[in-house]
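S.K.: Right, I'll just put the structure down here and ask away after.
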């Protein structure tokens, strides 16, 4: 792959383009199998009522971390979050901000994000070194955000009717997250994630 990237052009940029393509394929495959809705339903079914708004934030973090794309996470989670906001009488602007902030957080820390990998490569550091540095910086912000979001007013709602939970559908995310932490090549991780979704 390295020979291909160097032959095709600037190797770092070519790597980013291929990662974007594979991340897009992973997103659409998991979307087609309704894995995003399954993860969302798992979170919303088992979250305490007072933890609903921060729970959506955490779901956004997990989805974008697993998919490596903030925009894909926003596109997948925003319609679900909007319907939750209507059901539970939560401010719609607040819920939109929660989804976007969670998506940006997860994408920034993701081990398979194209932008994160390119930024690490251009600075001559490993993706794990970037991950550790970013983690130290964002943990206080996440803790404060979750604490503040717990104060958001939430009305009464029956969230158990959002959809059935099919636990097998979260397998692609588990594969991607697990293999990423094993320090495997990101291209291999994404390919295996796509295959596991199939």
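The values are calculated or read from the model by the stated rules, or taken from the named source; none is laboratory data. These numbers come from a predicted model, not from an experiment. No Cβ is skipped: glycine too gets one built from the backbone with ideal geometry, and neighbour counts run over all protein chains shown.
S.K.: Criterion first (at pLDDT 80 or above and over 23 Å from residue 144 (Cα atoms)) does residue 25 satisfy it?
M.R.: Answer is yes for this residue.
S.K.: Condition first: assigned to a helix (DSSP H, G or I) and crowded, with 16+ Cβ neighbours inside 10 Å. Now tell me which residues in region 25-35 satisfy that.
M.R.: Scanning region 25-35 gives 26, 27, 29, 30, 31, 35.
S.K.: Do you know which of the residues in region 144-193 that are in a helix (DSSP H, G or I) and at pLDDT below 75 is nearest to the chain's Cα centre (by Cα)?
M.R.: It comes out as 180.
S.K.: For the condition over 20 Å from residue 178 (Cβ atoms), exposed (fewer than 15 other Cβ atoms within 10 Å of the Cβ), modelled with pLDDT of 80 or more and under 19 Å from the mean Cα position of the chain (by Cα), what is the one hit in 60, 97, 102?
M.R.: 97
S.K.: Checking residue 112 against (1) in contact with a helix residue (DSSP H, G or I) (Cβ under 6 Å, 6 or more places away or on another chain); (2) assigned to a helix (DSSP H, G or I), only one condition comes out false. Which one?
M.R.: (2) is the only condition that residue 112 fails.
S.K.: Also: Could you tell me whether residue 116 is at pLDDT 75 or above, surrounded by fewer than 23 Cβ atoms within 10 Å (Cβ to Cβ) and either within 11 Å of the chain's Cα centre (by Cα) or closer than 15 Å to residue 20 by Cβ (or both)?
M.R.: Judged against the criteria, residue 116 is a match.
S.K.: Moving on to the next point. Would you mind stating whether residue 90 is in contact (Cβ under 8 Å) with a residue 12 or more places away in the chain, surrounded by 17 or more Cβ atoms within 10 Å (Cβ to Cβ) and not in a helix (DSSP H, G or I)?
M.R.: yes
S.K.: Another question about this same structure. Exactly one of (1) within 27 Å of residue 174 (Cβ to Cβ); (2) in contact with a helix residue (DSSP H, G or I) (Cβ under 9 Å, 6 or more places away or on another chain) is unmet by residue 83. Its number?
M.R.: With (1) within 27 Å of residue 174 (Cβ to Cβ); (2) in contact with a helix residue (DSSP H, G or I) (Cβ under 9 Å, 6 or more places away or on another chain) applied to residue 83, the lone miss is (2).
S.K.: Within region 69-87, which residues are buried (at least 22 other Cβ atoms within 10 Å of the Cβ) and either under 16 Å from residue 176 (Cβ atoms) or within 13 Å of the chain's Cα centre (by Cα) (or both)?
M.R.: Selection gives 69, 70, 72, 73, 76, 77.
S.K.: OK, next. Suppose the filter is in contact with a helix residue (DSSP H, G or I) (Cβ under 8 Å, 6 or more places away or on another chain), at pLDDT 80 or above, surrounded by 16 or more Cβ atoms within 10 Å (Cβ to Cβ) and part of a helix (DSSP H, G or I); does residue 138 pass it?
M.R.: no
S.K.: Is it the case that some residue within region 5-12 is within 23 Å of residue 146 (Cβ to Cβ), modelled with pLDDT under 80 and not in a helix (DSSP H, G or I)?
M.R.: no
S.K.: I've got another one for you. Here are some conditions: (1) under 20 Å from the mean Cα position of the chain (by Cα); (2) under 30 Å from residue 93 (Cα atoms); (3) modelled with pLDDT of 85 or more. Residue 196 meets all but one. Which one does it not meet?
M.R.: With (1) under 20 Å from the mean Cα position of the chain (by Cα); (2) under 30 Å from residue 93 (Cα atoms); (3) modelled with pLDDT of 85 or more applied to residue 196, the lone miss is (2).
S.K.: Take residue 53 and decide whether it is closer than 17 Å to residue 175 by Cα, surrounded by 23 or more Cβ atoms within 10 Å (Cβ to Cβ), within 18 Å of the chain's Cα centre (by Cα) and touching a residue at least 24 places away in the same chain (Cβ under 8 Å).
M.R.: So residue 53 does not fit the description; no.
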